[in-house]
Amino acid sequence: MKNIIEIKNMSYRYPVSDDFCLKNITFSIQKGAFTAIVGNNGAGKTTLCNAIRGFVPHFYKGELAGEVIVDGKQIVDYQLGQLGEKIGYVFQNPFSQISGVKDSVFNEVAYGLENLGVPVDEIIQKVEDVLKLVNIEHLRGKNPFELSGGQRQRVALAAIIVMDPDILVIDEPTSQLDPIGTEDIFDVIRLMKERGKTVLLVEHKMDLIAEYADNILVLHEGALVMQGPVREVFSDPKYATFNIQYPHVTEVALNLIDIGVPLKFIPIRNEELPKALKMEWEENND
Amino acid sequence: MKLNPILNLHPLTKLYFSLFVTISVIIIPSYIFAFTWFPILLVIAIIAGVGKQYLDIVVKALVLLLGIVFIMQLFFYPGDQVIGEWWIFEATKEGLQYGLVLTSRVLAMGSAFILFFRITEIRDFVKALEDLGMPPMGAYIVLSTLQIIPEMRRQAHTIMEAQKTRGVETEGSLLIRAKAFIPILTPLILSSIASTEERAITLESRAFSAPTKKTSLHKLKRSNSDRTIPIVLLILMISLIIWRFFL
Amino acid sequence: MKRSFKDDFNMLAMLLIPIGVAVNLVGFQVANVLKLPIFLDTIGTILIGVVAGPWVALLAGLITNLINAIFNPIYLPYALTSIAIGLGAGYLSKFGMFKQIGKVIISGIIITFIAVIVSAPITVLVFGGATGNTSAIITATFLAAGQELWTAVFSSSFITEVADKVVSVLIVYFIVKSMSDRYLSKMNYGELYMKRKQR
Ligand SMILES: Nc1ncnc2c1ncn2[C@@H]1O[C@H](COP(=O)(O)OP(=O)(O)OP(=O)(O)O)[C@@H](O)[C@H]1O
Ligand SMILES: [Mg+2]
């Protein structure tokens, strides 16, 4: 499979700080993969997203070393405006994530398509579809300024996926959402993956990462300390050293192992724990 | 949909009309002519269903101004035909004449302008300007200003309340009140400036600077009246000019 | 450093304009609530001029008056004054006149002169010498004392403007001082006011 994103020895320093907040990062992402980026606060997750989207260095300036290649082309060779269609970016703060000029959710979601010059009939059709997909049809007439944080997060996501970009970079899309809202968003993301999109997601809710993502990148103090398939990363003892959350079930499993309960494998999804216990038990009773 | 024949006009038609009123009172020096405009404008406002708010704004914005302008001219405009005296001041006939001319003009122009914005949605007006070739950035600036103002008013109010409960004095001597100003305004300004960074990223993410020609869900309609009214106004304007300067 | 209209315009500059306008309006309103004897309605324009340059501030001033004029058309002709204040603040900033408090006060006086020179002719030619604000009474007093109309309008508007503008520039000075380098670094003239120089 083709690598749609390639990052080689990338380091980055913001213009007003002395230290590099991304240090010598190298990884690549295959087209159609769902990759989660995890790490503690300040680890550099958002900065990495900005680097992939080209806001680092196009907008934030500062010093960028190494290479960021998106779809075969160096990021520095793109114009900021060109990347909008290729990479959809939903960022962390839902409150500032509205255009500020539209008076209804429907128009807000349509804004990106208007900017891309899509014909009006097509815009209306696409917006209708996305409102349904993200489950915000009931908000269509509301003023975006009057939405709650969770509602804004859904609108922000809708406003990006309506533009149908090949790559989705999504930074903590569920921070303001309740469990049901969070599940909804992950369902949408899964659907995007089924449609062949490449997804990069920053998220602290490890249970959901374990359930949906293919691969994980672990950032720690600006360095990429681990990468690989979700299951491998969570079962690697090295992961524990960074003090990042585990999926709940993995946490429980590791505690069980600690107190001497043997497990056949380390579960990362809820339904796997009974299975791991059962397999171990059957083996012992054979 | 609104069915009102006046509200339904294209914003530019309404703009041309307001400009027509403004220019006509400059061409025709008669204050009777200029004063006649106001009742006409009021009737238009009433037909458009905005009579009351229109009158409110005209009264609030213009009455005091007109009073002062009139009194100033009455007493201070250079002239020697004294028609009345008050304390050390003398009212002159020239002053009365010029006072009426000036106030009638200010009233006609001011109330035409007010009417325009009573019967035109700003969003429609901005769209009309965009259609005329105003860059998207210009449209963005105006529309986002209109959204930010109430937002910031609300924040200022919240901050003021919070300061009061924290014991920052907002009443008392001038110095005390003046001191309260900075802690109210500074956080407001700093946080708004901080938010511009993310707003810029939002706009870029929505392809604001994509190198294509934008489309718009918002379309302005042009009816037959929108084609005829500007022509009628133009003919009237030319006739006025000819009548005033050549006959 | 040579800058033109186009250099001054980028997306961040564009986003600053609405903020400048809103600050003008809200500043005026808060000054009103606190019953201060000055208007404080140009803080936004001056601030934009200082950090983003004359052209951006010009637009902020213009739009402020256009929006005010929707409810009070007196503001419309005085859009020229706001524009001049924006341009003035921008150029003063460019020439380093907002860096030390002493210079800032001088800037305030220069801006007062700019405002008076542009607004007095409007007051005389459009409104015959007085509008509905406090300076009308001062103008009337000067006129009654036998002064010429123009002198009376100039002096009365200088008297009402000077305190307002000096206080406004001082407020702007303190606000710029408390802005973090992170944001200053992205503004057209921000580098002038950064605590640490960019590498
Ligand atoms: N615009 C900026 N200018 C200067 N420094 C910045 C900027 N944005 C972030 N930083 C710094 O860079 C480092 C990485 O920040 P980043 O926002 O990428 O972390 P994060 O992993 O996304 O954290 P969180 O989980 O809190 O979102 C932090 O030390 C932060 O202070
Ligand atoms: Mg982050």
Solvent-accessible surface ranking, highest first, for B:PHE35, B:PHE75 at 1.4 angstrom: B:PHE35, B:PHE75
Bridge type composition, chain A - antiparallel percent by DSSP, nearest 5: 55 percent
Net charge of Cβ neighbours under 15 Å - reference B:ILE229; Lys, Arg +1; Asp, Glu -1: +3
Pairs beyond 23 Å (Cα-Cα), from A:LYS2/A:LYS238; A:LYS23/A:LYS45; A:LYS45/A:LYS238; A:LYS73/A:LYS205; A:LYS45/A:LYS86; B:LYS127/B:LYS213: A:LYS2/A:LYS238; A:LYS73/A:LYS205
Ratio Rg/Rh [Cα only; Rh per Kirkwood] for the protein assembly as shown: 1.07
Two-decimal Rg/Rh across chain A, once Rg and the Kirkwood Rh are taken from alpha-carbon atoms: 1.01
Neighbouring partner chain Cβ atoms per residue of B:179-187, average, 10 Å criterion: 5
Shape box of chain B [Cα atoms, principal axes, largest first, Å]: 64, 59, 31
Sites A:ASN41 and C:SER180 - FRET efficiency at Förster radius 22 Å, r taken between beta-carbons, to 0.05: 0.70
Rg(Cα)/(2.2 N^0.38 Å) for segment B:123-247, N = residue count: 1.75
Kirkwood hydrodynamic radius (C-alpha pairs) into Stokes-Einstein, segment C:19-128, 37 °C and 0.692 mPa s, D in µm²/s: 236 µm²/s
Full-extension gain in nm, A:ASN284 to A:ASP214, via 0.36 nm per residue minus C-alpha separation: 22.0 nm
Listed residues B:ARG222, B:ARG166 arranged by accessible area, highest first, probe 1.4 Å: B:ARG166, B:ARG222
For segment C:7-191: span of alpha carbons on each principal axis (Å, largest first): 55, 36, 33
Alpha-carbon radius of gyration plus Dmax, which is the widest Cα pair, for segment A:246-286 in Å: 9.8, 32
Exposed GluC sites (Glu not before Pro) absent: longest stretch of chain B, with sites in DSSP loops and at most 14 other Cβ within 10 Å deemed exposed: B:1-120
Selection of trypsin sites (Lys or Arg not before Pro), segment A:143-250, meeting DSSP coil and at most 12 other Cβ within 10 Å: A:ARG195
Mean residue ellipticity (222 nm) of chain B, computed from DSSP H runs ≥ 4 via -39,500 (n - 2.57), nearest 500: -25500 deg cm²/dmol
Per-residue average of Cβ from other chains inside 10 Å of B:79-91: 0
C:ARG182 accessible area, 1.4 Å probe, all protein chains in place, Å² to nearest 10: 110 Å²
Sum of -39500 (n - 2.57) over DSSP H runs of 4+, divided by residues of chain A (222 nm, nearest 500): -11500 deg cm²/dmol
Net charge dipole size for chain A [Lys, Arg +1 and Asp, Glu -1 on Cβ; Debye, nearest 20]: 540 debye
Principal axes of segment A:152-286: Cα extent on each, largest first, Å: 56, 32, 27
Within-11-Å neighbourhood charge of B:VAL168 [Cβ basis; K, R +1; D, E -1]: +1
Inter-label distance, nm, simple model (7 Å from Cα along the C-beta direction), B:SER30/A:LYS264: 10.4 nm
Estimated inter-spin distance, B:GLN53 and C:TYR91, nm [label 7 Å along Cα→Cβ]: 4.1 nm
At 0.692 mPa s and 37 °C, Stokes D of segment A:30-182 from Kirkwood alpha-carbon radius, µm² per second: 199 µm²/s
A:GLU194-B:LEU217 pseudo-label distance in nm [points 7 Å out on the Cα-to-Cβ vector]: 2.6 nm
Computed over segment C:87-126, the ratio Rg/Rh where both radii use C-alpha atoms and Rh is Kirkwood: 1.12
Area accessible to solvent at A:HIS138, 1.4 Å probe radius, in Å²: 140 Å²
Per residue Cα convex hull volume in Å³ - calculated over segment B:134-205: 102 Å³
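The values are calculated or read from the model by the stated rules, or taken from the named source; none is laboratory data. Note that this is a predicted model, so its numbers are computed, not measured. All Cβ positions, glycine included, derive from the backbone under ideal geometry; neighbour counts span all protein chains shown. Note: accessible area is taken over every heavy atom of the protein model, side chains too, but ligands, DNA and RNA are not part of it. Shrake-Rupley method; radii C 1.70, N 1.55, O 1.52, S 1.80 Å.
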